[in-house]
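The values are calculated or read from the model by the stated rules, or taken from the named source; none is laboratory data. Worth saying up front: this structure is predicted, and the values here are computed from it rather than measured. Here the Cβ positions follow ideal geometry from the backbone for every residue, glycine too, while neighbour counts run over all protein chains shown. For the accessible areas, the whole protein counts, side chains as well, though only heavy atoms, and no ligand, DNA or RNA atoms are used. Shrake-Rupley method; radii C 1.70, N 1.55, O 1.52, S 1.80 Å.
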Amino acid sequence: MKQKLSYILLLLFLTAAACTGNRTHSQEYQNVQQNEDAQKEPRGEGEEAQGEQQEQNKAPQAEPYQAELPTGKEEADIFVEPVKDMSEDFIKGMDVSSVISLEESGISYYNRQGEKEDLFRILADAGVKYIRTQVWNDPDHADGSGYDQGGSDVEKAAKIGARAAQNGMKLLVDFHYSDFGADREHHQTLYHFTKQSLKTILDAGGDIGIVQTGNAVNEGMAGGQDWKERLLLLEQAGRAVRETAEETGQDLRIAVHFTGIDDHDQMASYAKILAQAGLDYDIFGVSYDPYRHGTMEHMKTVLKDIRNTYEKDTLILETSYCYTLEGLEDGEGDLYCVGEKDLVNGYAATVQSQASCIRDIADAASQAQALGLFYKGGAWIAAASAAKEDGSCIWANQAMFDTQGRPLASLDVFKYLKYGTSCEKAVDFIEKTRTEVCVGETLDMPQTVNVVYNDRSLNEPVPVIWDSAQIGKIRTDKTGEYTVEGRLEDGTSVNCSVVVAKKNWLLNPGFEKNDISMWKVSYQGKSNPTQIQHKETDAKSGENSFHFQGDGAQKFQIEQTVSGLQAGIYTASVCLQGEVSPSAKIYLYAVINGKVIRSKLAKLTGQGKWKKLKLRLKLNAKTPVKIGVKGKDAGGWGTMDDFALIRADAQS
């Protein structure tokens with residue numbers, strides 16, 4: 001009874017703190033803490049008997065549902081290549097934190113027969129074996145709107161856990177710790193909140209297997225912005241998990257979650273920090289968004305490195321891919337958080353591509369010996385209280401259900417990962433075709449287009465016939481953009497984007513080609529602070545860029561010499577982004593007949609905040625010119641991309 005009373009008092013305190021916006025502790029919490037400390041003494045015989053009676057009074061649990069899953073290759077509506085040597089224990093999970101909010105908003109889900117059915121039964125039949133649910137202490141913003149996926153609190157998480165267990169699925173509890181501060185008393189609050197929450201979910205019937213202590217902890221945790229504070233908080237959360245496991249007999253594993261897997265060195269540094277601190281945890285968890293976190297091969301390399309170096313299991317805690325762009329304004333509206341610009345090479349916004357992408361992510365994870373993956377927001381479709389005010393959902397085109405709650409064929413990818421499927425050959429999509437010609441040069445249209453099938457092994461270039469009348473209207477004597485229609489042998493319509501552009505006289509201006517011998521790089525100091533970086537999220541275009549990083553004393557420059565130019569006016573330019581010290585001096589320069597011309601200094605203020613430096617140059621015939629960037633006292637990091645030297649006073 002004392003334990004129950006102290007728990008109620010603690011929850012009342014947390015609720016009051018959340019409502020008032022107060023993030024500090026009062027004397028009331030200290031009294032609750034003293035009471036709970038006193039209760040750590042062994043219980044007497046009466047208390048033991050009372051506990052046993054409470055256990056006997058629990059409602060009997062029905063046998064969990066066991067879905068009938070494939071034992072070999074099956075016919076299906078989607079093609080899935082089997083994942084070779086996939087472990088029987090590979091986690092095929094889904095985050096459905098929004099389900100309670102969605103159902104309260106009137107959303108229903110339907111099985112393959114079109115009958116209304118419990119979401120968890122539908123997921124079980126699709127091969128999902130693990131459910132992930134977020135837990136927020138205070139799941140609402142100050143204006144009353146929810147956080148990510150409908151704002152799941154402990155009560156909702158307990159309901160989700162119970163329904164998952166009833167359908168034969170284990171549970172991963174993802175604690176967000178949204179409104180805890182970072183002082184010593186808050187460390188204790190976090191510990192008690194974690195322990196009591198786990199008890200609540202377990203008592204409700206949830207079969208917890210993994211506890212995620214914090215979300216994206218590299219970005220901060222419960223008010224702790226430096227690693228000293230974060231490690232203390234992680235230690236307290238982990239202690240609550242270990243004690244719960246010991247007291248309940250439940251096998252609970254601890255996962256610590258990080259974002260930014262596209263940066264290999266940074267991810268390795270996080271694992272190193274945890275190792276040096278001696279943090280007690282089991283799983284190094286990551287997010288992998290194929291839109292922004294680099295290639296699957298890169299992801300596989302990072303996970304292998306962490307597993308082999310630090311002897312920790314790895315797990316993809318969040319991943320997803322879209323199945324449609326329908327409803328986007330001009331393909332780039334704000335209805336969805338993923339648009340046409342985010343599509344990954346080799347996949348379109350189709351149901352088959354969604355399945356193929358997730359299959360390929362699972363394959364990479366399996367090869368890296370990761371524990372598995374969790375699909376984020378697979379059932380997160382439009383509903384007013386769990387989305388935007390107008391009822392739309394920014395995640396809806398990454399769900400695995402349509403807007404009416406009916407499962408897409410891609411949902412079944414989970415049950416087909418092990419053995420694969422067979423189906424009739426079908427075109428998934430035709431890759432976009434684009435060609436570029438310089439002003440004054442002859443246009444050569446591509447002779448084929450690349451057709452992508454449901455079975456990717458059948459992909460092939462297919463001959464195309466372009467509309468000759470439209471080609472004849474293209475003017476190559478000046479810049480412009482055109483669209484030319486074409487037709488395949490089977491009558492399929494295709495388009496080609498034709499760009500007539502001024503010639504860029506710099507070679508390999510975006511560092512996309514392996515040969516960078518045309519660029520001269522120099523530096524002062526013990527080590528080279530620069531490199532060609534293969535990281536799409538840090539490139540202005542393409543996947544590569546020129547990267548620099550180091551302390552404030554570094555000096556570097558990169559330049560290219562161009563000869564044989566005609567006399568005229570030219571524009572030199574470069575795009576830069578990053579974060580550098582206020583004293584940094586980074587500028588674009590040109591050298592003509594020994595004279596140095598400099599641009600204004602670049603002011604780099606953050607990732608993705610691209611700046612463009614320009615120079616206007618007057619050149620005499622056949623005068624060599626050097627174009628480059630110099631950095632001095634450039635403490636911090638940055639990337640530069642898309643160098644250009646273009647004739648400004650003529651079309652050519």
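Only one entry in Val338, Val344 is surrounded by 20 or more Cβ atoms within 10 Å (Cβ to Cβ), among the β-branched types (Val, Ile, Thr) and modelled with pLDDT under 95, namely Val338.
Does the range 497-519 hold any residues that are touching a strand residue (DSSP E or B) at 6+ places or on another chain (Cβ under 7 Å) and over 12 Å from Glu559 (Cα atoms), and which are they? Ser497, Val498, Val499, Val500, Ala501, Lys502, Lys503, Asn504, Trp505, Gly510, Phe511, Glu512 - these are the residues of the range 497-519 that are touching a strand residue (DSSP E or B) at 6+ places or on another chain (Cβ under 7 Å) and over 12 Å from Glu559 (Cα atoms).
Applying the selection to the range 437-455, what residues are more than 30 Å from Arg647 (Cα to Cα) and of a type in the set (Ser, Thr, Tyr)? So that I can check it myself, show each step before the final result.
At the first step, the residues of the range 437-455 found to be more than 30 Å from Arg647 (Cα to Cα) are 447-455.
Answer for the range 437-455, where residues must be more than 30 Å from Arg647 (Cα to Cα) and of a type in the set (Ser, Thr, Tyr): Thr448, Tyr453.
Looking only at residues in the range 398-429 that are among the aliphatic types (A, V, I, L, M) and open to solvent by less than 50 Å² (accessible area, probe 1.4 Å), which one is farthest from Lys129 (Cα to Cα)? If you could, list the steps in order and put the result at the bottom.
In the first step, residues of the range 398-429 are kept if they are among the aliphatic types (A, V, I, L, M); the result is 399-400, 408-409, 411, 413, 417, 426-427.
Adding the requirement that they be open to solvent by less than 50 Å² (accessible area, probe 1.4 Å) leaves 399-400, 408-409, 411, 413, 417, 426.
Numbers: Ala399: 18, Met400: 16, Leu408: 18, Ala409: 18, Leu411: 13, Val413: 13, Leu417: 13, Ala426: 30 Å.
Here the answer is Ala426.
Let me spell it out: the conditions are (1) modelled with pLDDT of 65 or more; (2) open to solvent by 40 Å² or more (accessible area, probe 1.4 Å); (3) of a type in the set (Phe, Trp, Tyr), and Tyr147 meets all of them except one. Which number is the exception? Single failed check for Tyr147: (1).
Could you go through the range 445-455 and let me know if any residue there is within 30 Å of Lys116 (Cα to Cα) and touching a Phe, Trp or Tyr at 6+ places or on another chain (Cβ under 9 Å).
Initial filter on the range 445-455 (within 30 Å of Lys116 (Cα to Cα)): 454.
Among the residues that remain, those that are also touching a Phe, Trp or Tyr at 6+ places or on another chain (Cβ under 9 Å) are: 454.
Yes, the range 445-455 contains a residue that is within 30 Å of Lys116 (Cα to Cα) and touching a Phe, Trp or Tyr at 6+ places or on another chain (Cβ under 9 Å).
As for the range 196-212, it holds no residue that is within 23 Å of the chain's Cα centre (by Cα), more than 30 Å from Glu63 (Cβ to Cβ) and open to solvent by less than 10 Å² (accessible area, probe 1.4 Å).
Residues that are within 30 Å of Val351 (Cβ to Cβ) and without any contact (Cβ under 8 Å) to a residue 40 or more places away in the chain: list the strands (runs of 3 or more DSSP E) wholly contained in the range 406-518 that include at least 1 such residues.
Values: elements: 427-430, 433-438, 448-453, 460-466, 480-488, 493-501.
It comes to 448-453, 460-466, 480-488, 493-501.
Picking from residues in the range 89-105 that are within 21 Å of the chain's Cα centre (by Cα) and open to solvent by 10 Å² or more (accessible area, probe 1.4 Å), the one that is nearest to Ile394 (Cα to Cα) is Lys92. In the condition set (1) at positive phi; (2) in contact (Cβ under 8 Å) with a residue 60 or more places away in the chain, Ala572 is compliant with all but (1).
Among the candidates Val580, Val629, which residue alone is open to solvent by less than 50 Å² (accessible area, probe 1.4 Å) and under 25 Å from Asp515 (Cα atoms)? Steps first, please.
Working: Val580 fails: under 25 Å from Asp515 (Cα atoms).
Criteria check complete, one pass: Val629.
Quick check on Ala240: is it out of contact with any Lys or Arg (no Cβ under 6 Å at 6 or more places or on another chain), open to solvent by less than 50 Å² (accessible area, probe 1.4 Å) and assigned to a helix (DSSP H, G or I)? Don't jump to the end; show me each part of the working.
Details: out of contact with any Lys or Arg (no Cβ under 6 Å at 6 or more places or on another chain): no; open to solvent by less than 50 Å² (accessible area, probe 1.4 Å): yes; assigned to a helix (DSSP H, G or I): yes.
For Ala240, the condition - out of contact with any Lys or Arg (no Cβ under 6 Å at 6 or more places or on another chain), open to solvent by less than 50 Å² (accessible area, probe 1.4 Å) and assigned to a helix (DSSP H, G or I) - is not met.
Inside the range 427-465, can you point out the residues that are aliphatic (A, V, I, L, M) and out of contact with any Cys (no Cβ under 9 Å at 6 or more places or on another chain)? Lay out the reasoning, then the answer.
Of all residues in the range 427-465, those aliphatic (A, V, I, L, M) come to 427, 430, 437, 439, 443, 445, 449, 451-452, 458, 462, 464-465.
Matches in the range 427-465: Val427, Ile430, Val437, Val439, Leu443, Val451, Val452, Leu458, Val462, Ile465.
Would you please name the residue that is surrounded by the most Cβ atoms within 10 Å (Cβ to Cβ), looking only at residues in the range 154-182 that are in contact with an Asp or Glu (Cβ under 9 Å, 6 or more places away or on another chain) and at pLDDT below 90? Looking at residues that are in contact with an Asp or Glu (Cβ under 9 Å, 6 or more places away or on another chain) and at pLDDT below 90, I get His176. When Ala370, Ala364 are checked against the criterion of being at pLDDT 95 or above and either among the charged types (D, E, K, R) or in a helix (DSSP H, G or I) (or both), Ala364 stands alone in meeting it. Kindly establish whether Ser563 is within 20 Å of Ala644 (Cβ to Cβ), exposed (fewer than 13 other Cβ atoms within 10 Å of the Cβ) and at pLDDT 95 or above. Yes: the conditions hold for Ser563.
Residues checked against (1) within 20 Å of Arg647 (Cβ to Cβ); (2) hydrophobic (A, V, I, L, M, F, W, C); (3) open to solvent by 70 Å² or more (accessible area, probe 1.4 Å); (4) not in a loop (DSSP other than H, G, I, E, B):
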{"position": "Ala553", "(1), (2), (3), (4)": "no, yes, yes, no"}
{"position": "Tyr570", "(1), (2), (3), (4)": "yes, no, no, yes"}
{"position": "Lys603", "(1), (2), (3), (4)": "no, no, yes, no"}
{"position": "Gly606", "(1), (2), (3), (4)": "no, no, no, yes"}
{"position": "Lys611", "(1), (2), (3), (4)": "no, no, yes, yes"}
{"position": "Ala621", "(1), (2), (3), (4)": "yes, yes, no, no"}
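For the range 283-304, taking the residues that are open to solvent by 30 Å² or more (accessible area, probe 1.4 Å) and among the basic types (Lys, Arg), the one that is modelled with the lowest pLDDT is identified as Arg292.
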